[in-house]
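Single-structure report; data block below.
The values are calculated or read from the model by the stated rules, or taken from the named source; none is laboratory data. Keep in mind the model is a prediction, meaning the values are calculated, not measured. Cβ placement follows ideal geometry from the backbone for every residue including glycine, while neighbour counts extend to all protein chains displayed. For accessibility, only protein heavy atoms count, side chains too; no ligands or nucleic acids. Shrake-Rupley method; radii C 1.70, N 1.55, O 1.52, S 1.80 Å.
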Amino acid sequence: MADSTGQQRLYSCFKCGNLVCCHDDIISKNFQASRGRAFLFSHAMNIVEGPKENRNLITGLHVVSDVYCVDCQENLGWKYERAYEESEKYKEGKVVLEKFKIVKHNW
């Protein structure tokens, strides 16, 4: 979706520039990854998922799969496959991308 100037805000892989998500798909900017801030997105594009695994995160045990840029295979974050706690179920199917691994563009 375009902003008031007609530009669309998109994010790309910091390493190769491949488009991976839209600003409008941000659910939360208050996520924490092992190396800093991260954003929760409703979905992402041009990524591939690694194998599913149980992982203890700040909010408890989840089934996640790491996500990688389809072009350069850089690890960009993870996807929540399953949440065991009822209060965490809203994350299922959502993607977390580390802020330092994506670059914002206005196109």
State all residues of segment 60-89 that are open to solvent by less than 30 Å² (accessible area, probe 1.4 Å) and over 13 Å from the mean Cα position of the chain (by Cα); if no residue qualifies, say none.
-> Gly60, His62, Val63, Ala83, Glu88
Name the residues in segment 30-79 that are basic (Lys, Arg) and touching a residue at least 24 places away in the same chain (Cβ under 8 Å), would you?
-> Arg35, Arg37, Lys52, Lys79
Would it be correct to say that Glu92 is more than 10 Å from the chain's Cα centre (by Cα), exposed (fewer than 14 other Cβ atoms within 10 Å of the Cβ) and without any contact (Cβ under 8 Å) to a residue 12 or more places away in the chain?
-> no
Of the residues in segment 65-107, those that are of a type in the set (A, V, I, L, M) and over 23 Å from Leu19 (Cβ atoms) number 1
Of the numbered conditions (1) over 15 Å from the mean Cα position of the chain (by Cα); (2) part of a loop (DSSP other than H, G, I, E, B); (3) buried (at least 18 other Cβ atoms within 10 Å of the Cβ), Cys16 fails exactly one; give the number of that condition.
-> (3)
Asp66: at pLDDT 95 or above, assigned to a loop (DSSP other than H, G, I, E, B) and of a type outside the set (Gly, Ala, Ser), yes or no?
-> no
